[in-house]
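Presented below is the structure to which this report refers.
The values are calculated or read from the model by the stated rules, or taken from the named source; none is laboratory data. All values reported here derive from a predicted model rather than from experimental measurement. Note that each Cβ is placed from the backbone with ideal geometry, even for glycine, and that neighbours are counted across all protein chains shown. The area values use the complete protein model at the heavy-atom level, side chains included, leaving out ligands, DNA and RNA. Shrake-Rupley method; radii C 1.70, N 1.55, O 1.52, S 1.80 Å.
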Amino acid sequence: MTAIFRKAFHDSRRSAFWLSLGFGLYVLFLMAMYPAVKSQADEWQKLIDSYPEGVLTMFYGGDVAEFDMTEPGTWVQTEFASYSVLILGAIVILQAFNAFTNAERDHTIDMLLSLPVSRRHYLLGRALNTTLVMTLVLAACLAGFLVAMTLWPEFDPSAANLALGMIGALLYLLVVAGYSYLLAVVVPSSRRFAGATAYLLLIGSFLVYGLSGVVESLERVRPLLLPHYFNMGTTIRDGAQLGDWAVMVVTALAYFALAWWRVDRKELGV
C-alpha cells in the first residue's frame, strides 16, 4: 500500500504544486480587493438590499439574514469557498477515475495489480494520495489568507476559525472522493456514464441547492444535498460546525467502506 501511495503522489506532485501555488495566489488577489469593498460598506449594503433573498441564497448558500458582504466570513464564502470546492471536487473525481476506470482503459492497472499488492491496498493508497493532495492545496489557501491578514489588517477573522473552515472544505471533498471512488469500482470501465454521474452529483447538487432558495418546493431536498453541510462563512464566524462535520464524516466513510467491499468483486477490463 505504501508503494502505491508513493507512486500516486509522485505522479501527482506537479499537480499538487501548481494547484497549491495557483490557489494561494488566487486568495491573495481576492483579498487585495477586500479593503476597497470594506471601505464602501454602505454602498455595498444598499446594493445587496436591492437583491431578492432568493438570489442571495443562490450564491451564498447560508442564512441571508446574516449576509454582509463586508464581513470576512461572508466574503470568503461567496468569493472563494463556494467555487473552490467545485474546482477541487472536479480534480478529486478525475483522480478517482484515473485510479481505476482510465487505468483499465489504458491497460496499466493489470501491471500494477500483478505486483504483490491487493486491490484494497491499491484503493487505499490512491485514496490517501487524493486526501494528501487536497490537504496541501487547502493548506496553501490557508497560508494565503494568513498572509492577507498581515498585509491587509481590515481582514481580521480568527486564524483558528479560518483553519477550521479549511477542515470543513476537506471533509466536503472527501465526500466527493468517496462517491467517486465508489462509482469507479462499481461501474465497469466499458460503461461511459460513471464519470458523468460523479460530475452531475457535484455540480447538480450545487445548482439545486442554490435554486432551493428561489423555488420553495425544493427546500425539502436541502438536507439531502452536500452543500447543506458546508458553509465556510459560518465556520469563520462561529467556529466548528460539529453536527455538519459529523454528517460529512459518516457519509464519506460509508462511501469508502462500500468501495472497499466492492473493489474485490470488480471485473477489471484488462
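Quick notes
- Listed by first and then second residue, the pairs linking a residue in segment 246-262 that is modelled with pLDDT of 95 or more to a residue that is assigned to a helix (DSSP H, G or I) and small (Gly, Ala, Ser), with Cβ atoms under 6 Å apart and 6 or more places separating them unless they lie on different chains, are ALA252/GLY178; TYR255/GLY178; PHE256/GLY178.
Table: residues versus (1) within 18 Å of LEU86 (Cα to Cα); (2) out of contact with any strand residue (DSSP E or B) (no Cβ under 8 Å at 6 or more places or on another chain); (3) β-branched (Val, Ile, Thr); (4) surrounded by 20 or more Cβ atoms within 10 Å (Cβ to Cβ).
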position: VAL208; (1), (2), (3), (4): yes, yes, yes, no
position: LEU211; (1), (2), (3), (4): yes, yes, no, no
position: GLU216; (1), (2), (3), (4): no, yes, no, no
position: ARG220; (1), (2), (3), (4): no, yes, no, no
position: LEU224; (1), (2), (3), (4): yes, yes, no, no
position: MET232; (1), (2), (3), (4): yes, yes, no, yes
position: GLY243; (1), (2), (3), (4): no, yes, no, no
position: ALA246; (1), (2), (3), (4): no, yes, no, no
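- All of (1) closer than 17 Å to LEU174 by Cα; (2) surrounded by 13 or more Cβ atoms within 10 Å (Cβ to Cβ) hold for VAL250 with one exception: (2).
- Single residue of segment 179-206 satisfying the filter (in a loop (DSSP other than H, G, I, E, B) and either free of Cβ contacts under 8 Å to residues at least 60 places away in the same chain or more than 20 Å from THR101 (Cβ to Cβ) (or both)) that is most open to solvent (accessible area, probe 1.4 Å): ARG192
- Condition met for PHE145 (assigned to a loop (DSSP other than H, G, I, E, B) and open to solvent by less than 10 Å² (accessible area, probe 1.4 Å)): no
- Complete set of residues in segment 152-178 that are part of a helix (DSSP H, G or I) and open to solvent by 20 Å² or more (accessible area, probe 1.4 Å): ALA159, ALA160, ASN161, ALA163, LEU164, ILE167, LEU170, LEU171, LEU174
Quick grid of which residues meet (1) loosely packed, with under 15 Cβ neighbours inside 10 Å; (2) small (Gly, Ala, Ser); (3) at pLDDT below 70; (4) in contact with a Leu (Cβ under 8 Å, 6 or more places away or on another chain):
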residue: LEU94; (1), (2), (3), (4): no, no, no, no
residue: ASN102; (1), (2), (3), (4): no, no, yes, no
residue: ILE109; (1), (2), (3), (4): no, no, yes, yes
residue: SER114; (1), (2), (3), (4): yes, yes, yes, no
residue: LEU123; (1), (2), (3), (4): no, no, no, no
residue: ASN129; (1), (2), (3), (4): no, no, no, no
